[in-house]
Amino acid sequence: MQTTVTHRRSLLSLLFMGLMALMVLLPVAVAVADEGDDAPPAGIPVGSVGDEYNFQFTGNVRHNSEPLEGVRIYIDDNGYFAEVLTDERGRWKIGVPEKISYTISLDEFTLPDGVIVTEGGASRVEEFGLTGSKSVNFFLGEGVRVVVSFWDQLTSRLVNGLNFGLMLALASIGASLIYGTTGLANFAHSEFVTFGALIAFVVGVGFEVPIWLAIPIAVALTGALGYFQDIVLWKPLRRRGMGLAPLMIVSIGLAMVMRYIFQFAIGGDTLQLPGSGQEKITLIANIQLSIIDMVSMGVSIVVLIAVALWLMKSKLGKATRAVSDNASLAAASGIDVDRVVRVVWVVAASLAGLGGILWAYFRPGIRWDMGMQVLMLIFAAIILGGIGTAFGALVGSIIIGILVETSTLWIPSDLKYVGALGALIIVLLFKPQGLLGRKERVG
């Protein structure tokens, strides 16, 4: 039995590592392929980027009527990242996929010495009018640039990474519990993340229910979806004795079906929950959090503590750990395995739905494919912490969240998942079972 479990873990680890290695290497390969002899060292496009899109932000960067070449302009908002350097005429153009508002920033470190942005700030939120083109200009002048120290930046990113890691843990723990009790690597788990956020939007915005009430309703309905999935799909397949590989393929197909149902329902737009984009408050040093950020972290911590106590203290939680350790022995001991599995599906879906709602505030915004964007990070957290261990998923999620956010100090934002996935591969080389993985899984 133990040999089978170990073999199964090894196969899943190899599969996930291969998928994540592809995610890591593909952007790097594209960047290298695009880099020519005259390209800037960072491989940033010059003049324009995103010409395939119908909506364009354009502008000129000038100081004392003189064009400035090589100034970096970038968009990192609503799940979209693009950057460009001004050409010899000081011109730049960035195409975007949607006709919505975006935060456009000028990197002041690429300006000549003694030149700063004097009015409106180096970052501004811009939106389109009736046309698909919008001109954005930054006002420059002479002055002393205010530089944020490395340690202030690191502290700020550590806090943001902890916030992101706690959200990721909500989804990762549920997926880990499902794997521990059923052996299923559920690729459709990411759609619980999207479903929770979408239901919160429908209830809170569509039906104008107060958001403090819309969130628990959305979490409950996401849990009901998990219950429905197990009753209609997974339980019948388990009773037929379907193997783990076919079950995993079914989960991939289910994820695609749900994802495109979401796209059909809301289109490609980015939806915002009430209160998104709140002004951030400076707490200590350079740490800035909005009220929603602080509430989100508090809710995540309380829920994670509640799940830990449920697993360790409650009768049903102990039964869940027993089934995760050895389902056959648990059944022989009188534990209703089907009931435990069904509860796990409800809990896992509810946690993922709550994580999706909180992440919709963190991004901010809701998209039809938002769950897919964090799916590999969910699996990375599970494998890093130890496959099948809920507490390992928590530790792995926090580590992944911090690595993702702090890595932007050294690498471009669009490659920020590289550091986290690279650390995962290194850990698995020395400890294949993960940080908290053991021969006997105990939750």
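Using the structure shown, decide if residue 243 is at pLDDT below 95, surrounded by fewer than 16 Cβ atoms within 10 Å (Cβ to Cβ) and within 21 Å of the chain's Cα centre (by Cα). Considered against the rule, which asks whether it is at pLDDT below 95, surrounded by fewer than 16 Cβ atoms within 10 Å (Cβ to Cβ) and within 21 Å of the chain's Cα centre (by Cα), residue 243 comes out as no. Is it the case that residue 401 is more than 14 Å from residue 417 (Cα to Cα), touching a residue at least 60 places away in the same chain (Cβ under 8 Å) and touching a Gly at 6+ places or on another chain (Cβ under 7 Å)? Judged against the criteria, residue 401 is not a match.
Could you tell me whether any residue of region 336-345 is within 23 Å of the chain's Cα centre (by Cα) and either among the polar types (S, T, N, Q) or in a helix (DSSP H, G or I) (or both)? Within region 336-345, one or more residues are within 23 Å of the chain's Cα centre (by Cα) and either among the polar types (S, T, N, Q) or in a helix (DSSP H, G or I) (or both). Taking each residue of region 235-247 that is assigned by TED's automatic domain parsing to the domain that holds residue 342 and within 16 Å of residue 178 (Cα to Cα) and looking for partners that are of a type in the set (Lys, Arg) and in a helix (DSSP H, G or I) with beta-carbon atoms closer than 7 Å, six or more apart or interchain, yields 244/8.
From the list 70, 95, the lone residue that is in contact with a strand residue (DSSP E or B) (Cβ under 7 Å, 6 or more places away or on another chain) and not in a loop (DSSP other than H, G, I, E, B) is 95. Among residues that are of a type in the set (Ser, Thr, Tyr), out of contact with any Cys (no Cβ under 9 Å at 6 or more places or on another chain) and closer than 26 Å to residue 276 by Cβ, residue 101 is included. Of 314, 300, all but one fail to be surrounded by 15 or more Cβ atoms within 10 Å (Cβ to Cβ), in the same structural domain as residue 366 (by TED's automatic domain parsing) and of a type in the set (Ser, Thr, Tyr); the exception is 300.
Summed over region 276-297, residues that are modelled with pLDDT of 85 or more and surrounded by 13 or more Cβ atoms within 10 Å (Cβ to Cβ) total 8.
When you look at residue 257, is it surrounded by 16 or more Cβ atoms within 10 Å (Cβ to Cβ), without any contact (Cβ under 8 Å) to a residue 40 or more places away in the chain and either in the same structural domain as residue 177 (by TED's automatic domain parsing) or in contact with a strand residue (DSSP E or B) (Cβ under 9 Å, 6 or more places away or on another chain) (or both), yes or no? Against the criterion (surrounded by 16 or more Cβ atoms within 10 Å (Cβ to Cβ), without any contact (Cβ under 8 Å) to a residue 40 or more places away in the chain and either in the same structural domain as residue 177 (by TED's automatic domain parsing) or in contact with a strand residue (DSSP E or B) (Cβ under 9 Å, 6 or more places away or on another chain) (or both)), residue 257 does not qualify. Taking every residue in region 216-228 that is aromatic (Phe, Trp, Tyr) and pairing it with any residue that is buried (at least 22 other Cβ atoms within 10 Å of the Cβ), at least 6 positions away or on another chain, the pairs with Cβ-Cβ distances below 7 Å are 227/345.
Conditions tested, residue by residue: (1) buried (at least 18 other Cβ atoms within 10 Å of the Cβ); (2) at pLDDT 75 or above; (3) in a helix (DSSP H, G or I).
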site	(1), (2), (3)
398	yes, yes, yes
401	yes, yes, yes
422	no, yes, yes
427	no, yes, yes
440	no, no, no
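Checking each residue in region 264-289 for being under 16 Å from residue 155 (Cα atoms) and small (Gly, Ala, Ser) picks out only 285. The lone criterion from (1) in the same structural domain as residue 196 (by TED's automatic domain parsing); (2) assigned to a loop (DSSP other than H, G, I, E, B) left unmet by residue 435 is number (1). Got at least one residue in region 353-362 being of a type in the set (Ser, Thr, Tyr), under 16 Å from residue 178 (Cβ atoms) and touching a residue at least 24 places away in the same chain (Cβ under 8 Å)? Taking every residue of region 353-362 in turn, none turns out to be of a type in the set (Ser, Thr, Tyr), under 16 Å from residue 178 (Cβ atoms) and touching a residue at least 24 places away in the same chain (Cβ under 8 Å). Return yes when residue 371 is crowded, with 24+ Cβ neighbours inside 10 Å and assigned to a helix (DSSP H, G or I) and no when it is not. Yes: the conditions hold for residue 371.
The values are calculated or read from the model by the stated rules, or taken from the named source; none is laboratory data. Computed from a prediction, not measured in an experiment: that's the story for all the values here. Methodologically, a virtual Cβ is constructed for each residue, glycine included, from the backbone with ideal geometry; neighbour enumeration extends over all protein chains shown.
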